[in-house]
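Notes to accompany the following structure.
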Amino acid sequence: MTTADFAKLYNVTERTIRNWQRKQAPFDNPLAMNQWIAGQRSRSGVGKRFRQTPATAQPSVELASQARLPDTVTKLVNDIDRVHFMIIDAREPLRDREPKVYARFQEVLAITAKWLE
């Protein structure tokens with residue numbers, strides 16, 4: 001496949017594909033590629049106030065089923081995972097000052113937790 005084909009497949013620019021090639025991304029293995037992409041994107045949103053999503057080992061059956069997911073679903077799950085932990089960090093200062101907002105965050109966390117199981 002060409003750089004343009006990979007860019008369309010992974011919904012990124014050709015420049016990103018070239019950067020990934022320099023980093024030796026496993027383009028020949030879709031399962032490994034999905035994990036590699038998730039690892040590359042896991043640092044977005046990480047800073048003083050936001051912790052990095054913890055890495056966990058997953059059973060091979062679960063990995064195989066994730067490899068069959070369309071890229072858009074995989075990206076959505078990764079985004080939900082990142083937002084879930086951002087909300088966890090953001091809600092605590094609001095507990096006393098904004099109880100309604102805190103309660104709403106709790107509802108959102110209950111919904112997003114289902115995607116993290």
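The values are calculated or read from the model by the stated rules, or taken from the named source; none is laboratory data. Note that this is a predicted model, so its numbers are computed, not measured. Cβ atoms come from the backbone with ideal geometry, glycine included; neighbour counts cover every protein chain shown.
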In the stretch 84-107, what residues are exposed (fewer than 14 other Cβ atoms within 10 Å of the Cβ) and of a type in the set (A, V, I, L, M, F, W, C)? Val101, Ala103
Given the criterion within 30 Å of Thr2 (Cβ to Cβ) and either modelled with pLDDT of 80 or more or in a helix (DSSP H, G or I) (or both), identify the matching residue among Ala38, Ala113, Ala90. Ala38
